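Asker: Just dropping this structure here.
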Amino acid sequence: MYSHLEKAFNKYLTSETEIWLHQDLFSAHWWSIVILNAIFFVLLLILIDRYRIVLISLAFMVSFVICGIADEIGNYFDFWEYPHQFLVFTHRFNAVDFAVIPVIMTLCYQYFRKWKTYLVAQVILSAVISFIGIPLCVYFHLYSMENWNYFKSFIVSIILFIILKLIVDFVWKTANNYSPSRQKKS
């Protein structure tokens, strides 16, 4: 049984790679993905708080991971798909989740330190992402919703922002509790 499934899956991967190599790679959609992600990554490099670079880099990495996990779950359950990909061998480097959403989440974390302002900002950003950004990606065929809608994206986006802040704040506070300078003060 598993041998049969493995052969079918390998055939699917081979077909997907062939389509990517001959139709997607260096196409207008592929270049759109590259340029969009490059713009947001450069934006992060320009706007990153140099005095808190470790914390903000941690926020970016956490947001990248949680967006990637959410994306894998959505792909697995056929909620959405990306018709064009930056790299074929991983869904984490797709049209939006590679840099755009993690950069937006990171900059929100950077600029809004207090929970109250962070929550307001992340609701606004989630609305912009879900009701403007995603429809644009759907229109330009960079994103396809199968069993999903914009409101569900809005709710999931809010949850991802909250998870980001919870994780990064927890890691940062825990690290500071065990820092050598704090140990000397005790």
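Asker: Relative contact order (percent) for the stretch 69-169, with alpha-carbon contacts under 8 angstrom and 6 or more residues of separation? Please report the intermediate quantities before stating the final value.
Answerer: Values: 85 pairs, mean separation 33.2, N = 101.
Reported as a whole number, the value is 33 percent.
Asker: If you average the alpha carbon positions of the stretch 103-179 and of the stretch 50-65, how far apart do those two centres end up, in angstrom?
Answerer: 14
Asker: Ok, one more. Give me the one-decimal nm value for the distance between modelled label points at T90 and L47, 7 Å along each residue's Cα-to-Cβ direction.
Answerer: 2.4
Asker: When the dipole is taken about the Cα centre of the stretch 48-182, and only Lys, Arg (+1) and Asp, Glu (-1) are charged at their Cβ, what size is it in debye, to the nearest 20?
Answerer: On the way: 10 positive and 8 negative charges, 176 e Å.
My answer is approximately 840 debye.
Asker: Please identify, among F98, F41, F60, the residue showing maximal mean-square fluctuation in a Gaussian network model of the chain using a 10 angstrom Cα cutoff.
Answerer: F41
Asker: So, in nm, how far is label F131 from label N177 when the simple model puts each one 7 Å beyond its Cα toward the Cβ?
Answerer: Taking the two extended label points, one gets 3.9 nm.
Asker: Helix-only mean residue ellipticity at 222 nm, the chain, DSSP H runs n ≥ 4 weighted -39,500 (n - 2.57), per residue, nearest 500. What is it? Let's see the in-between values first.
Answerer: Details: 8 runs with 128 residues, N = 186.
My calculation for the chain gives -23000 deg cm²/dmol from helical runs alone.
Asker: Right, next: How far apart, in nm, are two points set 7 Å out from the Cα along the Cα-to-Cβ line at W31 and at T14?
Answerer: My value for the distance between the label points is 3.3 nm.
Asker: Now for a different question. Out of the stretch 109-186, which trypsin sites (Lys or Arg not before Pro) are coil in DSSP terms and have no more than 10 other C-beta atoms within 10 Å? Could the numbers behind the result be given before it?
Answerer: Working: sites: R113, K114, K116, K152, K165, K173, R182, K184, K185; in loops: R113, K114.
Passing sites in the stretch 109-186 are K114.
Asker: Here is a follow-up. List the relative contact order of the chain as a percent without decimals, with contacts defined as Cα pairs under 8 Å and 6+ residues apart. Mind showing how you got there, number by number?
Answerer: On the way: 168 pairs, mean separation 46.8, N = 186.
Reported relative contact order: 25 percent.
Asker: Another one. How far, in degrees from 0 to 90, does helix 150-177 lean away from the longest principal axis of the Cα atoms of the chain, to the nearest 10?
Answerer: So the helix axis and the longest Cα principal axis differ by about 40 degrees.
Asker: Using Cα centres only, tell me the gap between the stretch 11-35 and the stretch 68-83 in whole Å.
Answerer: A separation of 18 Å, based on Cα centres.
Asker: How much of Y111 can a 1.4 Å solvent probe reach, expressed as accessible area in Å² and rounded to 10?
Answerer: Ignoring ligands and nucleic acids, Y111 comes out at about 120 Å².
Asker: Between L43, H4, I66, whose Cα lies farthest towards the positive end of the dipole of the stretch 1-147 when Lys and Arg beta carbons carry +1 and Asp and Glu beta carbons carry -1, centred on the Cα centre?
Answerer: Of the options given, the answer is L43.
The values are calculated or read from the model by the stated rules, or taken from the named source; none is laboratory data. The structure presented is a predicted model; accordingly, all values stated were derived computationally and were not measured. Here the Cβ is made from the backbone with ideal geometry for all residues, glycine too, and neighbour counts use every protein chain on show. For accessibility, only protein heavy atoms count, side chains too; no ligands or nucleic acids. Shrake-Rupley method; radii C 1.70, N 1.55, O 1.52, S 1.80 Å.
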